[in-house]
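One structure is given below, encoded as structure tokens.
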Amino acid sequence: MHDDMKRVSEIAAPVDRAKAAIDLMATYQGWVLELSRIRREAIEEAQASGMTQTEIAAKLGVSRGRVGQLASAGPPPERAFFGTDLVTVSLGGKPEAGKGPDQNPSEVVTREDLNNFDHLRKLLAGMKLETQYEVIPTTGMVNLNRENHVVVCGPRLSPIVAQVLEGDDNLRFKKDRAWHLVDQKAGKEYRSPMDEDGSAGDFGYLGRLPRLDGRGTFLYIAGIHSIGANGVVHYLENNLAELYREVRTRRFSTLISCRYDPDTLDVLESRRVTPLYRHEG
């Protein structure tokens with residue numbers, strides 16, 4: 001008997017034993033799901049390298065028809081872009097309007113950020129990933145040292161995030177008369193149309209950045225304005241598979257432009273406007 005199952009079977013209290021069995025089953029089911037994703041990705045890679053399904057079947061010791069089944073079974077490979085378990089989305093919090101510092105103000109999130117979470121939740125649910133969100137306090141303190149983590153928060157709201165962004169030698173948030181984004185490699189500025197002529201457009205930053213403990217990364221999304229982050233999420237909804245093939249789970253950053261409906265705030269289109277800057281290797 002496997003050590004984990006033996007440990008569970010030896011728990012004396014029946015209810016505790018049942019609870020431990022439920023927890024262990026959930027863990028194993030999560031592993032099976034991720035292994036099925038890895039299997040699907042491996043078969044896709046083999047086919048992309050030029051192997052036929054007949055050749056793959058011979059190597060695996062299964063029928064050609066079974067290879068076809070395995071190639072479409074399980075979550076898509078790009079699921080790994082977000083993680084392998086429950087994904088936490090950290091949203092930048094702002095003080096509740098009308099409350100001063102002596103009134104113990106609570107943090108609220110913008111309509112755009114809640115909309116972002118809803119879109120991310122639906123996107124990840126389609127890849128069999130559950131999501132939850134938390135609000136970053138107005139101090140900007142957020143724990144970046146964890147897995148399966150997405151941060152949606154501008155650098156002006158979090159000094160910790162601003163510090164990590166300083167490590168990106170390619171793309172930066174800067175402020176003069178207004179916040180804007182800069183491609184330092186190309187020497188080009190990206191200013192929000194909202195600030196320039198009031199039109200319904202914005203720019204956002206998308207990247208996978210290093211954790212402070214040096215033991216992993218987190219996914220980072222931010223716009224010059226809140227709607228710019230919506231543009232990034234819209235881009236992920238429509239381009240995730242291609243993006244994953246390019247960067248997998250390695251560190252990178254890029255900028256996304258978007259156009260939106262000023263009445264509904266729904267993003268109408270999004271596109272990448274800079275290269276995918278690799279941060280390693």
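The values are calculated or read from the model by the stated rules, or taken from the named source; none is laboratory data. Please read these numbers as outputs of a predicted model, since none were measured by experiment. Cβ placement follows ideal geometry from the backbone for every residue including glycine, while neighbour counts extend to all protein chains displayed. For the accessible areas, the whole protein counts, side chains as well, though only heavy atoms, and no ligand, DNA or RNA atoms are used. Shrake-Rupley method; radii C 1.70, N 1.55, O 1.52, S 1.80 Å.
For residue 215 and residue 86, what does the FRET efficiency come to when R0 = 22 Å and r is the distance between their Cβ atoms, rounded to the nearest 0.05? Once rounded, the FRET efficiency stands at 0.75.
Rg and Dmax of the stretch 133-196, based on Cα coordinates, read 13.5, 38 Å.
The orientation-averaged shadow of the Cα convex hull for the chain, equal to a quarter of the hull surface, comes to 21.0 nm². Here the simple spin-label model places points 7 Å from the Cα toward Cβ, and for residue 36 and residue 72 these points are separated by 1.5 nm.
Ranking 230, 163, 135 by Cα position along the charge dipole of the chain, where only Lys, Arg, Asp and Glu carry charges on their C-beta atoms, puts 163 farthest toward the positive end.
Per residue, the solvent-accessible area of the stretch 166-245 (1.4 Å probe, heavy atoms of protein chains only, all protein chains present) comes to 42 Å².
For residue 108, nonlocal amide neighbours, meaning residues 5 or more places apart or on other chains whose placed amide H falls under 5 Å from its own, are 94, 96. Per-residue ellipticity at 222 nm from helix content only, as computed over the chain with -39500 (n - 2.57) for each DSSP H run of at least four residues, stands at -12000 deg cm²/dmol. A crude spin-label estimate for the pair residue 11 and residue 169, with each label 7 Å from Cα along the Cβ direction, gives 5.1 nm.
Protein heavy-atom surface of the stretch 2-123, 1.4 angstrom probe: 57% of the accessible area is carbon and sulfur, with nucleic acids and ligands not counted.
Projected label points at residue 264 and residue 44, each 7 Å from Cα along the beta carbon direction, are separated by 2.9 nanometres. The residues of the stretch 1-102 expose, per residue, 61 Å² of accessible area to a 1.4 Å probe. Taking only the C-alpha atoms of the stretch 182-281, the Rg (one decimal) and the largest Cα-Cα distance, Dmax (whole number), read 14.0, 44 Å.
Please state the relative contact order of the chain as a whole percent: Cα pairs under 8 Å, 6+ residues apart?
This gives 14 percent for the chain.
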